[in-house]
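> One structure, as structure tokens, below. Some questions next.
The values are calculated or read from the model by the stated rules, or taken from the named source; none is laboratory data. Keep in mind it's a predicted model, so treat the numbers as computed, not measured. Please note: Cβ atoms are built from the backbone with ideal geometry, for glycine as well, and neighbour counts cover all protein chains shown.
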Amino acid sequence: MVTRQIILDIPEKILLAEKTDEAAFARELRILAAVKLYELGRLSSGRAAELAGMSRVEFLLALGRYKVFPFQAELADLEGQRA
């Protein structure tokens with residue numbers, strides 16, 4: 001798998017406010033980005049799980065922590081077929 005590195009400048013005050021270190025904050029940002037892109041329908045659950053650095057099952061289970069319904073895209077597809 002080919003990967004690209006993206007570098008973000010995070011103010012130290014943010015890390016202090018979050019009471020976290022750089023590595024933990026970076027992991028959380030990856031998960032948050034994956035969850036939001038999945039929620040917006042821009043990534044499938046499999047691709048979002050890749051971005052988050054976890055298995056698809058782990059990702060789908062983690063969505064509950066962020067109040068995101070794990071099968072929103074599938075539900076929308078089903079609702080579209082009823083119309």
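> Being of a type in the set (Val, Ile, Thr) and assigned to a loop (DSSP other than H, G, I, E, B) is the filter here, so list the residues in region 1-38 that pass it.
Within region 1-38, VAL2, THR3, ILE6, ILE7, ILE10, THR20 meet the criteria.
> Let me ask you something else. Please work out if GLY46 is modelled with pLDDT under 95, exposed (fewer than 11 other Cβ atoms within 10 Å of the Cβ) and either within 11 Å of the chain's Cα centre (by Cα) or of a type in the set (Gly, Ala, Ser) (or both).
Here the answer is no, as GLY46 does not meet what is asked.
> On to the next question. GLY41 is checked against (1) modelled with pLDDT of 95 or more; (2) surrounded by 10 or more Cβ atoms within 10 Å (Cβ to Cβ) and fails just one. What number does that condition carry?
Result: GLY41 passes all but (1).
> Moving on. List the pairs whose first member sits in region 45-58 and is without any contact (Cβ under 8 Å) to a residue 40 or more places away in the chain, whose second member is among the polar types (S, T, N, Q) and buried (at least 17 other Cβ atoms within 10 Å of the Cβ), and whose Cβ atoms are under 7 Å apart, counting only residues at least 6 apart or on separate chains?
Close Cβ pairs satisfying both conditions: ARG56/SER45.
> Would you mind telling me which numbered condition in (1) loosely packed, with under 15 Cβ neighbours inside 10 Å; (2) more than 26 Å from GLN5 (Cβ to Cβ); (3) at pLDDT 90 or above LEU60 fails?
(1)
> Then there's this: Inside region 1-53, can you point out the residues that are under 18 Å from PRO70 (Cα atoms), out of contact with any helix residue (DSSP H, G or I) (no Cβ under 7 Å at 6 or more places or on another chain) and not acidic (Asp, Glu)?
LEU32, LYS36, LEU40, ARG42, SER44, ARG47
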